[in-house]
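A.B. asks: First the structure, which I've put down as structure tokens, then a few questions once you've had a look.
The values are calculated or read from the model by the stated rules, or taken from the named source; none is laboratory data. As the structure is a prediction and not an experimental result, all values here were calculated from the model. We place every Cβ from the backbone using ideal geometry, glycine too, and count neighbours over all the protein chains shown. Protein only, heavy atoms only, side chains kept; ligands, DNA and RNA dropped before computing areas. Shrake-Rupley method; radii C 1.70, N 1.55, O 1.52, S 1.80 Å.
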Amino acid sequence: MSSIAERLDAIRATIPAGVRLLAISKYYPVKDILEAYNAGQRDFGENKAQDLVAKQQALPADIRWHFTGHLQSNKIKYIAPFVYMIHSVDSVQLLREINKYGAKNGRVIPCLLQIHIAQEETKFGFTPEECLAMLASEEWKELKNVHIRGLMCMASNTDDTQQVASEFVAVRALFDEIRGRWFADDEEFDTLSAGMSGDYLVAIESGSTCVRIGSSIFEG
Ligand SMILES: *Cc1c(COP(=O)(O)O)cnc(C)c1O
């Protein structure tokens with residue numbers, strides 16, 4: 001049996017400098033998160049607004065709380081005061097709503113656009129074409145209380161490593177294209193959130209800058 005701290009160390013050893021490790025704590029209690037915190041982990045992600053709020057209140061103030069689940073507009077107000085980054089923006093309407101609550105809280109909220117790349121239909125996100133069309137409309141430029149920092153994706157849930165790799169490579173190419181077309185002057189367009197416990201090494205090889213790992217940290 002290994003501990004959370006030992007598993008974190010083992011994972012860190014496989015992650016190059018410049019790639020952020022985000023601990024996805026959605027299924028795990030405050031006590032486990034604190035153990036990871038005491039081992040130096042500061043970035044945590046949750047998929048439900050109410051869990052993000054409850055855990056934020058129960059845990060040290062210097063944790064960076066990321067939101068990685070499907071976000072309903074009526075939940076934005078709960079997380080807007082403190083959320084460090086929202087990884088799962090999947091419509092311009094949602095971006096507009098986040099902008100509204102950013103303004104109410106006197107903040108600029110960092111956001112990633114979620115790209116639907118996997119073969120499963122159940123996953124949320126823009127298709128690459130929808131994402132390019134949304135950016136081309138340039139409405140987002142008027143939204144001063146959100147800051148688009150990059151893209152997020154989930155690969156197909158399959159053992160076919162070739163398939164997964166080709167999806168990550170495609171999203172990295174989309175990231176580079178979008179950066180070149182709309183964010184060439186924005187050094188903070190720097191985040192490609194890709195890779196989970198089962199596929200993060202493939203994601204890093206394909207150009208991920210932020211891996212989201214849950215079970216490999218919190219489960220033995
Ligand atoms: C649950 C989840 C993860 C982590 O998954 P593991 O397989 O436990 O590492 C990463 N990203 C998102 C969006 C998730 O919902």
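A.B. asks: Across the range 206-220, which residue is nearest to the ligand (Cβ to nearest atom) among those that are crowded, with 22+ Cβ neighbours inside 10 Å and over 16 Å from Gly45 (Cα atoms)? Reasoning before the result, please.
C.D. replies: Taking the range 206-220 first, the residues crowded, with 22+ Cβ neighbours inside 10 Å are 206, 208, 210-212, 217-218.
So of that shortlist, the ones also over 16 Å from Gly45 (Cα atoms) come out as 206, 208.
On the way: Ser206: 16, Ser208: 12 Å.
This residue is Ser208.
A.B. asks: Please state which one of Ile33, Ile63, Ile79, Ile117 is open to solvent by less than 60 Å² (accessible area, probe 1.4 Å) and at pLDDT below 95.
C.D. replies: Details: Ile33 fails: at pLDDT below 95; Ile63 fails: at pLDDT below 95; Ile79 fails: at pLDDT below 95.
Criteria check complete, one pass: Ile117.
A.B. asks: Right, something else. Out of Ala170, Ala184, Ala203, I need the residue that is assigned to a helix (DSSP H, G or I), away from the ligand (no atom under 16 Å from the Cβ) and modelled with pLDDT of 95 or more. Which one?
C.D. replies: Numbers: Ala184 fails: assigned to a helix (DSSP H, G or I); Ala203 fails: away from the ligand (no atom under 16 Å from the Cβ).
After ruling out the rest, the residue left standing is Ala170.
A.B. asks: Any residue that is modelled with pLDDT of 95 or more, outside any loop (DSSP other than H, G, I, E, B), surrounded by 21 or more Cβ atoms within 10 Å (Cβ to Cβ) and touching a helix residue (DSSP H, G or I) at 6+ places or on another chain (Cβ under 6 Å) - is there at least one of those in the range 10-22? So that I can check it myself, show each step before the final result.
C.D. replies: The first filter runs over the range 10-22 and keeps only residues modelled with pLDDT of 95 or more, leaving 10-22.
Filter once more, keeping what is outside any loop (DSSP other than H, G, I, E, B): 10-12, 20-22.
With the extra rule that they be surrounded by 21 or more Cβ atoms within 10 Å (Cβ to Cβ), the set shrinks to 22.
Now narrow it down to the ones that are touching a helix residue (DSSP H, G or I) at 6+ places or on another chain (Cβ under 6 Å): none.
There is no residue in the range 10-22 that is modelled with pLDDT of 95 or more, outside any loop (DSSP other than H, G, I, E, B), surrounded by 21 or more Cβ atoms within 10 Å (Cβ to Cβ) and touching a helix residue (DSSP H, G or I) at 6+ places or on another chain (Cβ under 6 Å).
A.B. asks: I'd like to check something: does the range 18-31 contain any residue that is farther than 20 Å from Val211 by Cα and within 16 Å of the ligand (Cβ to nearest atom)? I'd like the intermediate steps shown before the answer.
C.D. replies: First, the residues of the range 18-31 that are farther than 20 Å from Val211 by Cα: 29-31.
Now restrict to residues that are within 16 Å of the ligand (Cβ to nearest atom): 29.
Yes, some residue in the range 18-31 is farther than 20 Å from Val211 by Cα and within 16 Å of the ligand (Cβ to nearest atom).
Condition check ((1) part of a helix (DSSP H, G or I); (2) in contact (Cβ under 8 Å) with a residue 60 or more places away in the chain; (3) farther than 19 Å from Leu71 by Cα) across all residues:
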| residue | (1), (2), (3) |
| --- | --- |
| Phe124 | no, no, no |
| Glu129 | yes, no, yes |
| Leu132 | yes, no, yes |
| Leu135 | yes, no, yes |
| Trp140 | yes, no, no |
| Lys144 | no, no, yes |
| Ile148 | no, no, no |
| Cys153 | no, no, no |
| Asn157 | no, no, yes |
